[in-house]
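Engineer: Dumping the structure here so I can ask a few things about it.
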Amino acid sequence: MSGEPAGRGYHVRRSERARRARLTIDEQGQAVVVLPLRASPAVAVELVTRHAGWIERHRLRLDGERQALAGRPPLEAGRQLRLGGMPHRVEVQRGTGPQRRSTVSLDHAGPEAWLRVRIAALDDRPPAAVVEAWLRRRAQAILAQRVAALGSEIGVRPTGLAVRDQRSRWGSASSRGVLSFSWRLVLCPPWVLDYVVVHELAHLRVSGHGPAFWRLVERHVPDARATQARRWLRDNRVLLRRALD
């Protein structure tokens, strides 16, 4: 692959694997046109011109996300963190006594939900690291439960389950039947997490994204709800990936 600047406001990237021109927006708001190796640069100009309104809408959304990120308090100063799609106020306390292990607990008493973080005196990790370790364990438990339940409905059983911090996708299915998911799905509403789980389970029956695959997905997640889930993940991608920054 190679990259080349192509005028103000967008960037061209050549790809050996591309069969047609594709337009995307990166997290910095830069329009990126992926072109087949032999495509004319004029194709990029036409694509960017034709989709100028779409590019501007996405740039405005990214500007709003950046402002929201910049306006957040630090995690230890009472930031709100989504958990299951619902906001939880984070409270961090550092221990001074003999407590040897840091703990994270949920508190839903009162009008506001809380994520209470108690950091042991001998634990030198930053609050974000303590919270992330807890979220990963929670994601593992929730995803294992939903994979088992939804896999039974679809009639498939994965050979393994991995929870990682995947940067480019929310889930994947290997040819050996191992499912991998981003731990950040635990921050999403349950119906969004379920859609990603169904999507990857369906790949254990049908490879690729042809009509048979989507028919199988729709049997378990109606198309309207699947579309909503994909839109929710797209619209909240940056906030999810930078939740603990």
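Engineer: How about the range 141-186: which of its residues are among the hydroxyl-bearing types (Ser, Thr, Tyr), more than 17 Å from the chain's Cα centre (by Cα) and either part of a strand (DSSP E or B) or surrounded by 12 or more Cβ atoms within 10 Å (Cβ to Cβ) (or both)? Reasoning before the result, please.
Structural biologist: From the range 141-186, those among the hydroxyl-bearing types (Ser, Thr, Tyr) are 152, 159, 168, 172, 174-175, 180, 182; that's our starting set.
Subsequent filtering for residues that are more than 17 Å from the chain's Cα centre (by Cα) retains 152, 159, 174-175.
Across the range 141-186, the qualifying residue is only 174.
Engineer: Output yes when any residue across the range 198-212 is among the hydroxyl-bearing types (Ser, Thr, Tyr), outside any helix (DSSP H, G or I) and without any contact (Cβ under 8 Å) to a residue 40 or more places away in the chain, and no when none is.
Structural biologist: yes
Engineer: How do the pairs read when you match residues in the range 81-104 that are on the phi > 0 side of the Ramachandran plot with residues anywhere that are assigned to a loop (DSSP other than H, G, I, E, B) and not polar (S, T, N, Q), using Cβ under 6 Å and keeping only pairs 6 or more apart or on different chains?
Structural biologist: Listed by first residue and then by second, the contacts come to 85/188; 85/189.
Engineer: Turning to a different aspect of this structure: Counting only residues that are more than 27 Å from residue 191 (Cα to Cα) and open to solvent by less than 80 Å² (accessible area, probe 1.4 Å), how many does the range 92-116 have?
Structural biologist: Looking only at the range 92-116, we keep the residues that are more than 27 Å from residue 191 (Cα to Cα), and these are 92-103.
Pick out the ones that are also open to solvent by less than 80 Å² (accessible area, probe 1.4 Å) and you get 92, 95, 97, 99, 102-103.
Total meeting the criteria: 6.
Engineer: Another question about this same structure. Cβ-Cβ distance below 8 Å, separation of 6 or more or different chains: which pairs start in the range 25-43 with a residue that is farther than 16 Å from residue 237 by Cα and end on one that is in a helix (DSSP H, G or I) and of a type in the set (Val, Ile, Thr)?
Structural biologist: Here the result reads 31/48; 31/55; 33/43; 33/48; 35/43, each pair linking the range 25-43 to a residue that is in a helix (DSSP H, G or I) and of a type in the set (Val, Ile, Thr).
Engineer: Could you list, in sequence order, all residues of the range 62-80 that are of a type outside the set (S, T, N, Q) and either in a helix (DSSP H, G or I) or in contact with a helix residue (DSSP H, G or I) (Cβ under 7 Å, 6 or more places away or on another chain) (or both)? Steps first, please.
Structural biologist: Restricting attention to the range 62-80, the residues satisfying the condition of being of a type outside the set (S, T, N, Q) are 62-66, 68-79.
Passing the criteria: 62, 63, 64, 65, 66, 68, 69, 70, 75, 76, 77.
Engineer: Answer yes or no as to whether residue 76 is open to solvent by 50 Å² or more (accessible area, probe 1.4 Å), farther than 18 Å from residue 28 by Cβ and in contact (Cβ under 8 Å) with a residue 12 or more places away in the chain. So that I can check it myself, show each step before the final result.
Structural biologist: Working: open to solvent by 50 Å² or more (accessible area, probe 1.4 Å): yes; farther than 18 Å from residue 28 by Cβ: yes; in contact (Cβ under 8 Å) with a residue 12 or more places away in the chain: yes.
Yes, satisfied.
The values are calculated or read from the model by the stated rules, or taken from the named source; none is laboratory data. Just so it is clear, the model here is predicted, and its values are computed rather than measured. All Cβ positions, even for glycine, are placed from backbone atoms using ideal geometry, and neighbour counts span all protein chains on display. Protein only, heavy atoms only, side chains kept; ligands, DNA and RNA dropped before computing areas. Shrake-Rupley method; radii C 1.70, N 1.55, O 1.52, S 1.80 Å.
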